[in-house]
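Encoded as structure tokens, here's the structure I'll be asking about.
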Amino acid sequence: MTEKKTPQMDELENGKWPSFVTEIKKAAVKNPAAEELLQLLEKSYEDKIGHWKHGGIVGVRGYGGGVIGRYTDVPEEFPHLAEFHTMRLSAPSAWFYNTKTLRRICDIWEKHGSGLTNFHGSTGDIIMLGMNTEHIQPAFDDFSEAGIDLGGSGSCLRSPSCCVGPARCQNACYDTLEACYNITNEYQDELHRPMWPYKFKFKFSGCANDCTASIARSDCSVIGTWRDSIIIDQEAVKQYAAEGMNIQERVCDKCPTRALKFNHDTKELAVIAEDCSRCMHCINVMPKAVKPGKEKGATILLGGKSTIVQSAFMSWVIVPFMKMENEDDYAEFKDMMARIWEWWDENGKTRERIGETVYRLGMGRFLREVGLPPVPQMVFRPRANPYVFWQKDEIIE
Amino acid sequence: MAKLDQGPINYKDMLPPIIAENYGQWQYHEIPRPGLLKHVAESGAELYSVRVGSPRLVSLDFVREICDIADTFCDGYLRFTSRNNVEFLVSDPTKVEPLIAELEAKGFPVGGTGAALGNIVHTQGWVHCHTPATDASGVVKAVMDDLFEYFGSMKLPSKLRVGLACCLNMCGAAHCSDLAIVGVHRTVPRINHEKIRKGTEIPSLVASCPTGAIRPDPKNKSVIVHEEKCMYCGNCYTMAPGMEIMDAKNDGCAILVGGKVSNARTNPSFSRMVIPFLPNNPPRWPEVTAAVRNIVETWIVNGRKGERLGEWIERIGWEKFFTLTGIPFSDKLIDDYIFSRETFRTSATFKY
Ligand code: HEM
Ligand code: SF4
Ligand code: SF4
Ligand code: SF4
Ligand code: SF4
């Protein structure tokens with residue numbers, strides 16, 4: 001193959017941040033498609049437009065999704081990119097790996113694909129970047145043999161993801177890894193066979209710090225919380241004070257509900273438990289001294305999505321507190337999801353995320369029809385207008 | 001025959017022994033130096049996590065290289081974060097310094113903890129997507145090179161989460177980042193009637209437009225776009241390849257700031273547009289990197305300790321933000337999409 005010049009790509013190898021161009025070049029040593037990808041990208045940098053077309057339907061036997069078709073619009077110039085599909089692989093909870101598994105993934109991808117990958121995609125799958133159509137089934141067979149399944153694509157449940165949770169975080173109010181694993185396994189059919197109005201994402205965060213950005217990025221956010229009071233270790237508070245932390249300024253003054261009082265004489269911290277809104281601030285600043293309460297569970301929120309189509313939504317509270325400890329708790333969660341999905345399936349328009357469906361038809365109707373009790377935790381403040389949909393049974397005949 | 005529906009890789013097989021032993025028993029953590037987390041469990045066990053940035057789009061050589069490092073220092077275990085960093089998990093404290101030395105020698109940037117710039121969450125861009133208005137990896141590389149010192153240190157007022165989405169689909173959740181770079185189109189889709197006739201379901205295409213700009217054109221077996229209604233979102237292009245929206249001369253980047261997802265102190269919030277358009281000037285996007293640096297540096301000078309970018313702006317007021325940064329305010333920054341009303345000021349309590 002003739003050496004083609006890629007001056008703009010080469011420029012992106014300079015600088016201290018690790019370069020994706022260097023990565024593509026490493027793959028290009030072994031793989032002609034990766035080499036052409038670099039040249040195609042150089043062309044995009046010259047033309048200032050992308051050179052990828054819409055995906056056609058590509059897939060593996062038995063599944064409806066998991067592979068995203070990708071074709072370049074200049075196949076004559078870049079024959080190895082005429083087909084350059086993506087395969088999504090379902091990653092382990094919280095993205096822990098042993099190197100044996102990672103090496104196995106590498107070997108399979110070296111055999112079937114471009115040698116390029118994303119660890120990870122925005123949704124949380126391992127993204128195998130670039131393969132031609134005839135390799136799809138054999139690649140899947142090899143991954144499957146290695147115990148690695150496809151993720152979701154299309155109008156289906158997308159691969160759920162979770163924060164590091166109890167595996168390495170003292171803040172976790174429920175086991176995000178197990179909940180994510182258990183619930184993902186329950187919904188393999190929904191994940192692999194697209195049959196909904198549009199995509200649906202779950203994300204599991206162990207506390208209100210929300211390290212998976214679930215409130216912004218998932219149709220259903222499961223965020224760990226507690227119902228009783230934060231737990232304060234006064235000895236540890238004194239230690240922070242002795243080490244010179246300005247507790248009044250850094251902790252009390254920034255508490256959004258002014259629930260914390262620091263006694264400058266005794267160096268003790270007190271909380272007005274019923275005023276605390278469980279925002280996590282004090283816990284973040286003094287992790288040795290303040291902990292979440294004992295009665296732990298999760299807040300369930302619905303409807304998060306980004307801009308397309310009806311603008312960006314953040315998830316809304318639909319259940320302020322749900323236990324998330326054992327199989328029975330998961331069963332309650334799954335029972336609720338069944339009702340929610342059935343409602344969405346019935347009422348959602350094509351390419352309408354559930355938040356948009358709820359917004360279009362009204363939160364009141366949604367709650368009534370899926371059987372969720374309305375509670376003040378669902379609103380910042382009640383409505384300001386008197387335009388109420390009264391139900392038949394509420395009207396005197 | 002391949003096994004179907006076997007589900008995700010079981011996380012239980014992937015946990016390093018120290019984590020399996022102290023699962024759910026972590027007491028607290030510290031950040032002994034930038035890029036290093038020390039977690040202490042009730043049992044007294046200490047776990048060190050060394051965090052390094054990755055370009056996200058990586059080769060198998062990269063994956064094998066981090067596997068080699070994990071085999072040498074971490075008994076063959078590692079993890080990735082939700083922001084595409086790699087974390088090496090070390091249970092033997094004597095291995096921490098040698099590991100960091102090895103990583104630095106190999107060019108892996110150590111950092112991204114505490115009051116630092118995290119790795120930029122981003123999308124595929126010109127590398128592999130069909131609707132981008134800008135590249136993703138290239139812009140991110142340019143910005144991270146420019147702000148490199150803030151990744152490996154903790155001298156920002158608070159953590160800084162940057163997101164980049166190369167089109168309004170926003171695969172990367174740029175809409176709730178402290179600072180977001182978003183690829184935007186500025187011209188209406190050009191209709192390729194031939195392609196529309198060939199395989200587009202017209203009612204779905206019409207329904208896909210959030211502003212009702214698309215009307216069916218039965219005579220032509222195609223559609224018409226009402227130019228004055230179109231806001232260049234590109235949703236129709238995702239539905240129909242015949243609605244070509246990429247435009248080399250008019251595509252570029254917008255900058256939004258002040259979003260966050262954490263509930264700490266203040267509620268989660270959306271990022272707000274402060275620069276409606278900057279041109280695509282590859283390979284280094286100088287206008288974008290300069291704009292980002294200006295905002296970040298103004299925050300460093302004026303923000304208080306522990307104050308996220310958006311919390312700082314809400315405290316001083318957006319009007320003051322424009323004064324301090326010197327960013328010009330224009331009608332483009334006043335919302336005229338749905339839900340705009342709640343962003344208009346209805347009080348007389350503003351600043352100059
Ligand atoms: C013949 C019919 C009506 C007359 C003569 C009338 C007259 C007025 C007057 C004189 C005011 C006070 C304006 C001011 O604050 O300077 C007012 C305010 C108002 N009217 Fe009417 N009105 C009529 C019908 C309506 C109707 C049908 C509605 C609503 C459906 C309505 C809604 C209001 C509202 C919301 C205000 C403002 C109150 C406020 O700002 O606090 N009016 N009207
Ligand atoms: S969301 Fe909370 S529990 Fe999960 S990793 Fe972040 S801080 Fe820890
Ligand atoms: S968790 Fe938040 S609201 Fe509750 S006491 Fe701490 S800082 Fe205040
Ligand atoms: S943000 Fe848009 S262009 Fe970028 S990867 Fe997602 S859909 Fe593609
Ligand atoms: S770009 Fe968006 S607003 Fe414009 S016609 Fe297409 S769908 Fe409608």
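The values are calculated or read from the model by the stated rules, or taken from the named source; none is laboratory data. Since the model is a prediction, treat every value here as computed from it, not as a measurement. As a convention, Cβ positions derive from the backbone with ideal geometry for all residues, glycine included, and neighbour counts pool all protein chains shown. Just so you know, the surface numbers come from the protein's heavy atoms only, side chains and all, with ligands and any DNA or RNA stripped out. Shrake-Rupley method; radii C 1.70, N 1.55, O 1.52, S 1.80 Å.
Counting only other chains, and only Cβ atoms inside 10 Å, what mean value do you get across the residues of A:300-313?
6
Once the Cβ-Cβ distance between A:Ile395 and A:Arg339 is put in as r, and R0 is 22 Å, what FRET efficiency do you end up with, to the nearest 0.05?
0.25
Take chain A, connect every pair of alpha-carbon atoms lying under 10 Å apart with a spring to form a Gaussian network, then pick out the residue of A:Lys199, A:Lys48, A:Lys296 with the largest mean-square fluctuation.
A:Lys48
Would you mind computing, in nm to one decimal, how far apart the modelled labels at A:Asp10 and B:Glu201 are, each placed 7 Å from Cα along Cα→Cβ?
4.9
Measure off, as a whole percent, the carbon and sulfur share of the 1.4 Å-probe accessible area of the protein assembly as shown, all protein chains present.
52
What is the extension gain from B:Val301 to B:Lys351, computed as 0.36 nm multiplied by their sequence separation minus the C-alpha to C-alpha distance, in nm to one decimal?
Numbers: separation 50, 0.36 × 50 = 18.00 nm, distance 1.95 nm.
Length gained, B:Val301 through B:Lys351: 16.0 nm.
Using modelled amide H (1.01 Å from N, peptide plane; none on Pro or chain starts), what sits under 5 Å from the amide H of B:Val223, excluding residues fewer than 5 places away?
Those lying under 5 Å, H to H, from B:Val223 are B:Asp217.
Sticking with this structure for a sec: Build a GNM of chain A with springs between Cα atoms under 10 Å: which of A:Met87, A:Met324, A:Met245 gets the top mean-square fluctuation?
Looking only at A:Met87, A:Met324, A:Met245, the largest GNM fluctuation is found for A:Met245.
Which order do you get for B:Phe344, B:Phe108 if you rank them by accessible area with a 1.4 Å probe, largest at the top?
Ranking B:Phe344, B:Phe108 by accessible area, largest first, yields B:Phe344, B:Phe108.
Further question: Is there a simple number for the mean count of other chain Cβ atoms within 10 Å of the Cβ of residues in B:128-136, and what is it?
Per residue, the average neighbour count from other chains is 6.
Here's another thing I want to ask about it. For A:Lys254, list the lysines whose Cα falls under 22 Å from its own Cα; do not include residues on the same chain fewer than 8 positions away.
Within reach: A:Lys238, A:Lys267, A:Lys288, A:Lys291, B:Lys155, B:Lys159, B:Lys260, B:Lys305, B:Lys320.
With no solvent and one point per C-alpha, what does the Debye sum give as log10 I(q)/I(0) for the protein assembly as shown at q = 0.05 Å⁻¹?
Debye intensities relative to I(0), on a log10 scale: -0.24.
For the stretch B:188-232, what does the equivalent ellipsoid look like in terms of its semi-axes, each the square root of 5 times an eigenvalue of the Cα gyration tensor, given largest first in whole Å?
Working: eigenvalues 57, 23, 17 Å².
Listed largest to smallest, the semi-axes of the stretch B:188-232 are 17, 11, 9 Å.
Per residue Cα convex hull volume for the stretch A:326-397, in cubic angstrom?
150
Which residue fluctuates most in the GNM of chain B (Cα springs below 10 Å): B:Arg341, B:Arg197, B:Arg315?
B:Arg341
Run the numbers for B:Asp335 and B:Asp13: contour at 0.36 nm per residue of separation, minus the present Cα-Cα distance, in nm. Spell out each step's value before the answer.
Working: separation 322, 0.36 × 322 = 115.92 nm, distance 4.95 nm.
Working it through step by step, the gained length comes to 111.0 nm.
Please state the shape class of the stretch A:59-145: rounded when a/c is under 1.5, otherwise prolate if a/b exceeds b/c and oblate if not, all from the C-alpha gyration tensor.
prolate
Three principal axis extents, largest first, for the C-alpha atoms of chain A, in Å?
Projected onto the principal axes, the Cα atoms of chain A cover 76, 71, 42 Å.
Rounded to the nearest 500 deg cm²/dmol, what is the calculated helix-only ellipticity per residue at 222 nm for chain B, with -39500 (n - 2.57) per DSSP H run of length n ≥ 4?
Taken over chain B, the calculation gives -7500 deg cm²/dmol.
Further question on the same structure: With +1 on the Cβ of every Lys and Arg and -1 on the Cβ of every Asp and Glu, and nothing else charged, how large is the dipole of the stretch B:85-189 about its Cα centre, in debye rounded to the nearest 20?
Details: 7 positive and 10 negative charges, 75 e Å.
That gives the stretch B:85-189 a dipole magnitude of about 360 debye.
Right, another one. In degrees, nearest 10, range 0 to 90: what is the angle between the Cα axis of helix A:176-186 and the longest Cα principal axis of chain A?
The helix A:176-186 is inclined about 60 degrees to chain A.
Can you pull out the chymotrypsin sites (Phe, Trp or Tyr not before Pro) in the stretch A:303-366 that DSSP calls coil and that have at most 15 other Cβ atoms within 10 Å?
Values: sites: A:Phe313, A:Trp316, A:Phe321, A:Tyr330, A:Phe333, A:Trp341, A:Trp343, A:Trp344, A:Tyr359, A:Phe366; in loops: none.
Listed in order of number, the matching sites amount to none.
Residue farthest toward the positive end of the dipole of chain B, with Cβ of Lys/Arg at +1 and Asp/Glu at -1: which of B:Leu256, B:Ala290, B:Ala174?
The residue sitting most towards the positive pole is B:Leu256.
Something else now. Give me the distance between the Cα centres of the stretch A:304-357 and the stretch B:141-209, rounded to whole Å.
Using only Cα atoms, the two centres lie 25 Å from each other.
B:Arg186 to B:Phe344: FRET efficiency via 1/(1 + (r/R0)^6), r the Cβ-Cβ distance, R0 35 Å, to the nearest 0.05?
0.90
Moving on to the next point. Using r as the Cβ-Cβ distance of A:Thr266 and A:Lys294, and R0 as 30 Å, what FRET efficiency do you calculate, to the nearest 0.05?
0.75
Counting only protein heavy atoms and rolling a 1.4 Å probe, how much accessible area do A and B lose on contact, total for both sides, in Å² to 100?
Result for this pair: about 10300 Å² buried.
OK, next. Let me spell out the model: positive unit charges on the Cβ of Lys and Arg, negative unit charges on the Cβ of Asp and Glu, origin at the Cα centre of the protein assembly as shown. What dipole size does that give, in debye rounded to 20?
Details: 87 positive and 94 negative charges, 354 e Å.
Using only the charged Cβ atoms, the result is roughly 1700 debye.
OK, next. Expressed in nm², what is the orientationally averaged projection area of the convex hull enclosing the Cα positions of the stretch A:281-383?
Average of the hull's projected areas for the stretch A:281-383 equals 8.7 nm².
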